[in-house]
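Novice: Have a look at this one before I ask anything.
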Amino acid sequence: MLNTLRKIVQEVNAAKDLKAALGIIVQRVKETMGTQVCSVYLLDPESNRFVLMATDGLNKRSIGKVSMAPNEGLVGLVGTREEPLNLENASEHPRYRYFAETGEERYASFLGSPIIHHRRVMGVLVVQQKERRQFDEGEEAFLVTMSAQLAGVIAHAEATGSIRGLGKQGKGIQEAKFVGVPGSPGAAIGTAMVMLPPADLEVVPDKSVADIDAELQLFQSALEGVRADMRSLSERMATQLRPEERALFDVYQMMLEDAALGNEVVKVIKTGQWAQGALRHVVSEHINRFELMDDAYLRERASDVRDLGRRLLAYLQQARQQTLVYPDNCILVAEELSPAMLGEVPEGKLVGLVSVQGSGNSHVAIFARAMGIPTVMGAVELPYSKIDGIQLIVDGYHGEVFTNPSEILRKQYADVVEEDRQLTKGLDALRALPCETLDGHHMPLWVNTGLLADVVRAQERGAEGVGLYRTEVPFMIKDRFPSEKEQLAIYREQLAAFHPLPVTMRTLDVGGDKALSYFPIKEDNPFLGWRGIRVTLDHPEIFLVQVRAMLKASEGLDNLRILLPMISGIQELEESLHLIHRAWGEVRDEGTDVPLPPIGVMIEIPAAVYQTRDLARQVDFLSVGSNDLTQYLLAVDRNNPRVADLYDFLHPAVLQALTKVVEDAHAEGKPVSICGEMAGDPAAAVLLMAMGFDCLSMNATNLPKVKWLLRQISMGKAKDLLSQVMRIDNPQVIHSTLQLALRNLGLGRMINPASDIQA
Ligand code: PEP
Ligand code: MG
């Protein structure tokens with residue numbers, strides 16, 4: 001059965017459109033089950049009727065004509081009950097309804113199974129037979145399994161059809177929504193520009209050549225061409241990124257070096273293979289190696305190699321990058337966006353990014369955040385190759401993409417974009433104002449940084465400090481561990497840029513979905529595995545070097561704070577403190593005169609929530625990582641689009657945990673901040689302030705909005721709202737209560753306009 005299923009699904013997947021897919025389904029299921037009829041009915045959302053869309057056995061002329069409401073007929077019954085129905089004699093059932101045009105009166109037995117995708121009933125799959133008989137358990141199981149497998153395929157084919165405005169019945173379906181994960185906040189409306197691979201390396205054949213020197217010559221000039229392209233791309237990004245951050249382009253350059261990829265290709269050419277074949281050979285070997293490692297970061301490296309391979313091939317084929325015309329308000333879409341692609345769009349045209357692969361921690365998302373470009377990552381169901389030139393909306397707040405948006409939705413998002421623009425325009429005025437509530441409560445707003453480019457944006461927005469400097473970011477854009485000296489220079493720049501404001505540097509937090517190419521970690525369950533402090537405690541040489549670099553960098557500035565990630569208990573904290581003291585002793589012995597900086601712990605694992613008081617006693621401050629805390633409390637992967645709607649930092653369990661952390665930290669007399677994405681959500685920020693957080697740290701993009709809102713509300717009102725919300729047990733009701741309350745205060749539009757749209 002499994003084999004048959006697999007074959008059918010494969011065949012259906014390869015079908016050119018929905019109609020063909022349904023045709024294959026009915027034919028193959030009928031054959032396999034040996035029935036006389038197999039039909040598919042799909043639920044038309046506009047008319048809310050199950051429409052006969054394909055049949056093998058019934059009268060084909062009734063296709064598209066016969067339909068029934070959910071409360072009509074056996075098909076309607078299967079659809080509404082969301083359960084299979086197995087009848088020996090269908091006509092005896094009270095819900096039986098006879099459609100003369102189908103000719104189904106001849107068939108006695110009926111087996112129907114609902115087709116459900118992500119909880120949505122899409123249709124019903126039916127088989128019928130002349131003789132009166134009950135279908136057996138095996139047959140029922142087959143049909144149910146088939147329906148479950150087909151649901152995704154049908155949903156995909158339907159969405160692809162809707163992209164070009166062709167719905168299941170040829171009618172224009174205007175809008176389709178594709179869920180991914182947030183990559184960089186903000187919203188954008190624009191025209192999709194799909195970056196397809198310029199050349200397909202995989203289909204290059206092998207070919208022997210006699211004139212090896214000519215091939216070598218050809219390859220050398222391709223190398224030169226790509227090198228020059230990379231240089232000019234890097235230069236073009238010079239205004240937006242600092243030299244250190246453009247180091248990724250150096251990695252590309254290095255891969256091209258004679259000793260690396262280039263040299264290997266040359267070796268294969270010397271065996272008599274033509275340059276294109278040699279390139280395919282070497283590149284695919286590298287990709288396979290990376291992909292086999294099954295590691296998020298290394299998969300990204302595989303995509304770097306793939307990207308380079310395609311660029312070289314384009315030169316070899318002399319199909320140099322054709323002059324592309326980038327539309328205004330360009331939304332770049334690719335299966336795997338690379339930072340290099342960002343640089344290719346002429347300045348001022350790029351408004352949004354969508355990547356089918358990747359997560360919020362992919363390189364391209366890190367760059368996009370630093371550049372302030374709304375981005376959605378991991379939109380896995382988006383049929384990206386079919387959307388070039390169509391209108392798109394990118395909602396980087398929620399990680400959603402809309403194709404062919406309706407006028408109404410466009411208008412709503414246009415308001416979001418305009419309000420964001422107004423806010424940015426008013427930044428100068430807002431920057432100078434304190435973040436103070438109507439009744440005089442001061443709420444310090446800090447920023448999260450990673451790249452140096454973040455510093456400029458943070459300063460433009462009037463941040464009062466850095467609540468989280470993710471040190472793994474400079475590690476991730478290098479291709480080896482940075483030395484103590486290199487780290488010192490990077491950290492010094494961060495500290496100096498904000499001086500005298502405090503900068504909270506988190507020790508290396510790799511693992512999970514943040515891996516280093518030069519330090520691969522392969523695990524089945526990386527978020528529950530070797531991450532954060534677990535890695536650095538096992539490698540004191542990495543930890544000590546990093547802390548020494550931080551301490552030395554702070555000499556004379558004294559605005560450093562050190563933060564420890566992923567602490568799950570006292571033992572890890574004590575070991576970390578021991579190492580920090582050791583590093584401090586060492587640097588002072590070496591003549592660097594620095595005080596011991598304040599040390600803090602991240603509360604991002606449920607175990608830490610319950611040990612807040614024990615942890616607080618031993619440190620100077622606490623900082624909640626709401627991204628991980630939400631993920632671990634709710635057991636929802638923060639990067640998995642399939643469960644994105646379950647990932648909710650306003651879940652009552654999360655709110656209760658946060659309240660506890662604040663109370664317990666304060667009971668020990670220690671300040672507590674929060675540095676996950678939640679702090680940057682204006683409505684959530686109101687609650688966090690009311691809970692008593694001493695500081696909110698967020699991405700620079702959201703800071704002005706949070707400041708704006710907190711300046712419009714009183715602490716008294718915020719506390720009322722919090723106590724109202726804390727009595728609610730349902731996340732959805734919490735969302736709507738919060739929105740309603742803020743709207744009643746006249747603050748609805750500005751809070752997070754995109755969340756209004758979602759509601
Ligand atoms: C968090 O988990 O909330 C956090 C701030 O850390 P990161 O997102 O880097 O894991
Ligand atoms: Mg975290």
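Novice: Please compute the length gained on full extension between M254 and K386, using 0.36 nm multiplied by the number of residues separating them and subtracting their Cα-Cα distance.
Specialist: 44.1 nm
Novice: Right, something else. Checking the a/c ratio against 1.5 first, then a/b against b/c, what shape does the Cα gyration tensor give for segment 201-316?
Specialist: Taking the square roots of the gyration eigenvalues as a ≥ b ≥ c, segment 201-316 is oblate.
Novice: Let's test the formula: R0 of 56 Å, r as the Cβ-Cβ distance of L646 and K270. What FRET efficiency results, to the nearest 0.05?
Specialist: Once the sixth-power term is evaluated, E becomes 0.50.
Novice: Rounded, prolate or oblate for segment 650-706? Axes are the square roots of the Cα gyration tensor eigenvalues, ordered a ≥ b ≥ c, and the cut-off for rounded is a/c under 1.5.
Specialist: Oblate is the answer for segment 650-706, as a/c is 1.5 or above yet b/c matches or exceeds a/b.
Novice: If you roll a 1.4 angstrom probe over the protein chains with everything in place, what fraction of the accessible area of segment 440-703 belongs to carbon and sulfur, to the nearest %?
Specialist: Solvent-exposed carbon and sulfur of segment 440-703 make up 52 percent of the total.
Novice: How large is the accessible surface per residue of segment 440-703, computed with a 1.4 Å probe and reported in Å² as a whole number?
Specialist: 33
Novice: Tell me, in nm to one decimal, what length is gained between Q220 and R61 on full extension, where the rule is 0.36 nm per residue of separation less the Cα-Cα distance?
Specialist: 51.0 nm is the gain from fully extending Q220 to R61.
Novice: Something else: Can you pull the percent of segment 17-79's accessible area that's carbon plus sulfur, 1.4 Å probe, other chains left in place?
Specialist: About 49 percent, which is the carbon plus sulfur part of the accessible surface.
Novice: Kindly report the accessible area of segment 2-170 per residue (heavy atoms of protein chains, probe 1.4 Å, no ligands, DNA or RNA), in Å².
Specialist: On a per-residue basis, segment 2-170 sits at 46 Å².
Novice: Structure shown: which of K65/K386; K16/K65; K386/K514; K478/K514 lie over 19 Å apart, alpha-carbon to alpha-carbon?
Specialist: Beyond 19 Å between Cα atoms: K65/K386; K16/K65; K386/K514.
Novice: About the Cα centre of segment 527-609, how large is the charge dipole given +1 on each Lys and Arg Cβ and -1 on each Asp and Glu Cβ? Please answer in debye to the nearest 20.
Specialist: Roughly 200 debye for segment 527-609.
Novice: Taking the mean number of other Cβ atoms within 10 Å as a proxy for protection, how do you rank 585-596, 39-50, 515-526, 462-473 from highest to lowest?
Specialist: Result, highest mean Cβ count within 10 Å first: 462-473, 39-50, 515-526, 585-596.
Novice: Looking at the chain, I'd like the Rg to Rh ratio, where Rg is from alpha-carbon atoms and Rh is Kirkwood's inverse mean 1/r.
Specialist: 1.02
Novice: Within segment 25-55, what residues put their amide N at less than 11 Å from the label point 7 Å along the Cα-to-Cβ vector of E11?
Specialist: Under 11 Å, as judged by backbone N against the label point of E11, lie 25-33 of segment 25-55.
Novice: Quick one: which residues, 5 or more positions from N559 or on another chain, have an amide H under 5 Å from its amide H? H modelled 1.01 Å from N in the peptide plane, none for Pro or chain starts.
Specialist: none
Novice: Of all trypsin sites (Lys or Arg not before Pro) in segment 64-169, which ones are in loop regions per DSSP and have a Cβ with at most 10 other Cβ atoms within 10 Å?
Specialist: Within segment 64-169, the qualifying trypsin sites (Lys or Arg not before Pro) (loop, at most 10 other Cβ atoms within 10 Å) are R119.
Novice: Go through segment 527-535 residue by residue and turn each phi into a ³J(HN,Hα) via Karplus (6.51, -1.76, 1.60, θ = phi - 60°); whole Hz please, and just put x for glycine and proline.
Specialist: Per-residue couplings from phi come out as 6, 9, x, 7, 9, x, 4, 4, 5 Hz.
Novice: Another question about this same structure. Need one word for segment 341-444: rounded, prolate or oblate. Basis is the Cα gyration tensor (sqrt eigenvalues a ≥ b ≥ c); a/c below 1.5 gives rounded, then a/b vs b/c decides.
Specialist: Prolate.
Novice: Grab the alpha carbons of segment 1-112, take their convex hull, and tell me the volume per residue in Å³.
Specialist: Dividing the Cα hull volume of segment 1-112 by its residues yields 110 Å³.
Novice: Go ahead and run the numbers for FRET between D479 and E46, Cβ-Cβ distance against an R0 of 60 Å, rounding to 0.05.
Specialist: 0.65
Novice: Sort 421-428, 562-569 by the packing proxy (mean of other Cβ within 10 Å over each peptide's residues), most packed first.
Specialist: Ranked from most to least packed, the peptides come out as 562-569, 421-428.
Novice: Taking a cut-off of 29 Å between Cα atoms, list the lysines near K717, but don't count ones fewer than 8 places away on the same chain.
Specialist: Correct list for K717: K425, K660, K670, K705, K707.
Novice: Among Y397, H156, L409, whose Cα lies farthest out toward the positive end of the dipole of the chain, if unit charges sit on the beta carbon of Lys, Arg (+1) and Asp, Glu (-1)?
Specialist: L409
Novice: Also, quick follow-up: Counting each DSSP H run of 4 or more residues in the chain as -39500 (n - 2.57), what helix-only mean residue ellipticity at 222 nm follows after dividing by all residues, to the nearest 500 deg cm²/dmol?
Specialist: Per the formula, -14000 deg cm²/dmol.
Novice: Treat every Asp and Glu Cβ in segment 2-170 as -1 and every Lys and Arg Cβ as +1, leave all other atoms uncharged, and give the resulting dipole magnitude about the Cα centre to the nearest 20 debye.
Specialist: 500
Novice: Something else now. Once you charge only the Cβ atoms, +1 for Lys and Arg and -1 for Asp and Glu, what is the size of the charge dipole of the chain about its Cα centre, to the nearest 20 debye?
Specialist: So the dipole magnitude of the chain works out to roughly 1700 debye.
Novice: What is the spin-label model distance, in nm, from T659 to K411 if the labels are put 7 Å beyond Cα along the C-beta direction?
Specialist: Taking the two extended label points, one gets 4.0 nm.
Novice: Calculate the translational D of segment 440-703 in whole µm² s⁻¹ from Stokes-Einstein, where the hydrodynamic radius comes from the Kirkwood formula applied to all Cα pairs, the temperature is 20 °C and the viscosity 1.002 mPa s.
Specialist: D = 116 µm²/s.
Novice: By accessible area of protein heavy atoms, probe 1.4 Å, what ranking do H499, H398 get, highest first?
Specialist: My answer, sorted largest first, is H499, H398.
Novice: So, one more: Return the whole-Å distance between the Cα centroid of segment 573-623 and the Cα centroid of segment 378-417.
Specialist: Taking the Cα centre of segment 378-417 as reference, the centre of segment 573-623 is 44 Å away.
Novice: Mind giving me the nanometre distance, one decimal, between the label points for A607 and N89, set 7 Å out from Cα along Cα→Cβ?
Specialist: Taking the two extended label points, one gets 6.5 nm.
Novice: What are the ³J(HN,Hα) values, in whole Hz, obtained from phi via the Karplus relation 6.51 cos²θ - 1.76 cosθ + 1.60 with θ = phi - 60°, for each residue of segment 617-624 in sequence order, with x given for Gly and Pro?
Specialist: Using θ = phi - 60°, the values come out as 4, 9, 10, 8, 7, 10, 9, 7 Hz.
Novice: Which one, L22, L43, G73, is farthest towards the positive end of the dipole of segment 1-94 when Lys and Arg carry +1 and Asp and Glu -1 on their Cβ?
Specialist: L22
Novice: How many angstrom lie between the C-alpha centres of segment 101-138 and segment 222-264?
Specialist: 59
Novice: For K7, which aspartates and glutamates qualify as cross-link partners when the Cα separation must be under 15 Å and same-chain residues fewer than eight apart are set aside?
Specialist: K7 reaches E31.
Novice: Still on this model: Any idea which of L516, V661, V624 is furthest toward the positive side of the dipole for segment 440-703, if Lys and Arg beta-carbons carry +1 and Asp and Glu beta-carbons -1?
Specialist: Result: L516, furthest along the dipole toward the positive end.
The values are calculated or read from the model by the stated rules, or taken from the named source; none is laboratory data. All of these numbers come straight from a predicted model, not from anything done at the bench. Cβ atoms come from the backbone with ideal geometry, glycine included; neighbour counts cover every protein chain shown. The accessibility values were calculated without ligands, DNA or RNA, using every heavy atom of the protein model including side chains. Shrake-Rupley method; radii C 1.70, N 1.55, O 1.52, S 1.80 Å.
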